[in-house]
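What follows is a set of notes on a single structure, which appears directly below.
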Amino acid sequence: RNQALMILSDRHSKSHTSKSELCFVENLELELNEKIKYTANTTQFSLWCHYTDTIRFYDVACTKRKKIIEFNGDYWHCNPLLYESNFYHKHLKKPASEIWKQDYLKIKTAIDRGFEVKIVWWSDFEKDPAKVLKECKEWMN
């Protein structure tokens with residue numbers, strides 16, 4: 001299984017990555033003055049989620065610091081500040097409550113393996129990118 005995880009972690013796809021996330025990663029690396037090994041701009045870090053028996057991919061992972069940042073789109077992850085739990089996501093064909101449960105299990109998987117996880121919402125980054133980047137830089141160090 002470890003070899004399979006390494007192979008999957010080395011996959012690279014920007015097809016499911018927003019321009020905002022790419023911008024976030026580029027600016028975070030500038031703030032930190034370092035390249036992060038696992039991002040949407042390089043390769044994706046993944047862990048096996050035994051709760052759902054699936055592989056889960058993470059947006060930004062610094063394995064040496066044991067920290068993960070998930071850059072969540074308000075629509076795709078149904079930001080709870082904007083959507084009710086019974087909102088039906090037509091593209092994902094499930095209610096917001098189910099999306100939140102899947103996101104929770106993804107985060108729990110990382111925490112179970114000793115990672116700290118920070119969620120960045122698209123709307124927060126769009127509203128005040130400098131503030132979000134500063135918070136992430138402080139959290140990463």
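The values are calculated or read from the model by the stated rules, or taken from the named source; none is laboratory data. Not measured: the values here are computed from a predicted model. Using ideal geometry, Cβ is built from the backbone for each residue, glycine included, and neighbour counts are taken over all protein chains shown. These area figures cover heavy atoms from the full protein model, side chains too; ligands, DNA and RNA do not enter into them. Shrake-Rupley method; radii C 1.70, N 1.55, O 1.52, S 1.80 Å.
Whenever a residue of the stretch 118-129 is closer than 17 Å to Pro80 by Cβ, its partners that are polar (S, T, N, Q), lying with C-beta atoms within less than 6 angstrom and at least six residues away or across chains, give the pairs Ile119/Asn72; Trp121/Asn72; Trp121/Asn79; Trp122/Ser20. Within the stretch 6-18, none of the residues are open to solvent by less than 50 Å² (accessible area, probe 1.4 Å) and at pLDDT 90 or above.
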